[in-house]
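Below you'll find the structure, written out as structure tokens, and then a few comments.
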Amino acid sequence: MFITTYDEKKKKQVHYKFELMEETLYLTVNLVDRFLPRRPVVRKNLQHVGITAMLLACKYEEVTVPIVNDFIVISDEAYTRSEVLDMVTNEHNFIYLPY
């Protein structure tokens with residue numbers, strides 16, 4: 001039996017809304033899975049981590065990348081542009097630094 005969590009459903013909705021490739025979704029999940037063990041995040045900030053991971057995944061996998069403001073709108077404007085861009089730098093550094 002396959003159980004889908006709420007967060008996975010939400011990521012898939014965003015994935016379909018932006019018409020992204022499946023590889024982008026898989027890379028997004030991979031980035032979140034690699035980030036969270038190194039830097040635990042409170043539950044209310046998981047969406048922030050998720051949209052940042054999706055933005056990074058889009059930069060690697062997609063030909064045309066959604067703009068940062070698209071991710072802000074899809075998150076009901078819970079974050080500012082500078083918060084998202086700061087998290088991109090933060091998440092990128094944590095993921096790609098050796099253990």
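FYI, it's all coordinate maths here, none of it is from the lab. Remember, it's a predicted structure, so these values are computed and weren't measured experimentally. Methodologically, a virtual Cβ is constructed for each residue, glycine included, from the backbone with ideal geometry; neighbour enumeration extends over all protein chains shown.
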Alpha-carbon spread of the stretch 9-96, three principal axes, descending order, Å: 30, 25, 23
To the nearest 0.05, how large is the calculated FRET efficiency for K44 and T89 if R₀ is 22 Å and r is the Cβ-Cβ distance? 0.60
Tabulate in residue order the Karplus-calculated ³J(HN,Hα) for the stretch 38-47, using 6.51 cos²θ - 1.76 cosθ + 1.60 with θ = phi - 60°, rounded to whole Hz; enter x for Gly and Pro. 7, 9, x, 10, 5, 4, 5, 9, 5, 5
Surrounding charge for C58, neighbours by C-beta under 12 angstrom, Lys/Arg +1, Asp/Glu -1, total -4
